[in-house]
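Here is the structure we will look at, set down as structure tokens.
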Amino acid sequence: MNWAVAGLGYMGKKFLHDTTQLSDVKVVAVASEHKSKPTAKEFDFYGSYSEMFSKPNFQAVYISTTPNKHSEILEMCIAARIPTLCEKPIFYCQSEIEKFTQIYNPSFISENISFMFDRQILELVGAVKQGIFGDICEIKIIIKRKINPLARLRIMNRFTSKGALHDFGIYGVHLLISIFNDLTVVDQKLYYEYDNDYSGAITFLGNGLTKCELIYSIDTDASNSVLIIGSEINVEIINFLGENQTIKMCSNALKILSATKNTGYFSNLARTVDLISREILEDLPQSKIVPLGNSLRTAEIIFKILEKK
């Protein structure tokens, strides 16, 4: 299956590298307005996104630009009815949510939230929603990212990004939305550098007045975990978002079940692209992947939090 890549920063280069693991995926076109022309001859290179769409020899697009450019390229994808995988965060501001709600059509658009393509996590979220773990008493999510100085400057740049909550705290909000469908913010503490936040602690209430806490920060050490406390079963996800994720479950009988995700040779990104490619080629319904509605609700919550700065 032929893919095009819009944006040639860190994630664009990772896409080019990781998809070499997939025998049925080929990158045939790359567009970037800010990078010098790559030396690779395996694909056509374009100095503008519109030029790449004028000669579409691809079946899907991966968008890996900075968030402020997502909307422009997504509109081209929608107009051409080309399935699209867009890096998170898919939306840059509140007005984009309103615009895409109006122009959205049945063409396939998905946000690259890695856990939402993970079968173990999807099954776990389904079990929680079905009440298998009993009443959910509390959820605590910790997401700490070790980020190099260049990436930190990008996240703190108010012209290209909205800060740490918008960039990677989004994973925690997305997970909570996946479980509860809606959230109410009851307390928030955000800490700022320049014009954007670099860390925060946010308390939500989910369905049934479930207390949910999200702690995120740009830190010297990476640490990602999720603790779900239920009346019947407690669940801990260690190295959440990582390649070697471990899920530990403890019932009231104190029997501990543990499962470590075996990613094999594929990276998270490669597995996601492989899944989407198969879905597109088999022409399966969009709902089989990730509903855009979750991305809409997540973005709305994040922008409301940031507006209270």
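Any read-out appearing in this document is the output of simple, stated calculations on the displayed coordinates, not a laboratory observation. Quick caveat: nothing in here was measured; it's all calculated off a predicted structure. Glycine also receives a Cβ, built like all others from the backbone with ideal geometry; neighbour counts cover every protein chain displayed.
Here are the numbers for this structure:
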read-out: Elements of type helices (runs of 4 or more DSSP H) contained in the range 71-181, each with 1 or more residues being surrounded by fewer than 19 Cβ atoms within 10 Å (Cβ to Cβ) and either β-branched (Val, Ile, Thr) or out of contact with any helix residue (DSSP H, G or I) (no Cβ under 7 Å at 6 or more places or on another chain) (or both); value: 94-103, 119-129, 149-156
read-out: Every residue from the range 5-58 that is assigned to a helix (DSSP H, G or I), touching a residue at least 60 places away in the same chain (Cβ under 8 Å) and crowded, with 16+ Cβ neighbours inside 10 Å; value: Met11, Phe15, Asp18, Thr19, Gln21
read-out: Unmet criterion (only one of (1) under 21 Å from Lys162 (Cβ atoms); (2) in contact with a strand residue (DSSP E or B) (Cβ under 8 Å, 6 or more places away or on another chain); (3) surrounded by fewer than 19 Cβ atoms within 10 Å (Cβ to Cβ)) for Ile218; value: (3)
read-out: Any chance Cys212 is in a strand (DSSP E or B), of a type outside the set (Phe, Trp, Tyr) and within 20 Å of the chain's Cα centre (by Cα); value: yes
read-out: Residue count for the range 182-208, restricted to those that are among the acidic types (Asp, Glu) and surrounded by 15 or more Cβ atoms within 10 Å (Cβ to Cβ); value: 1
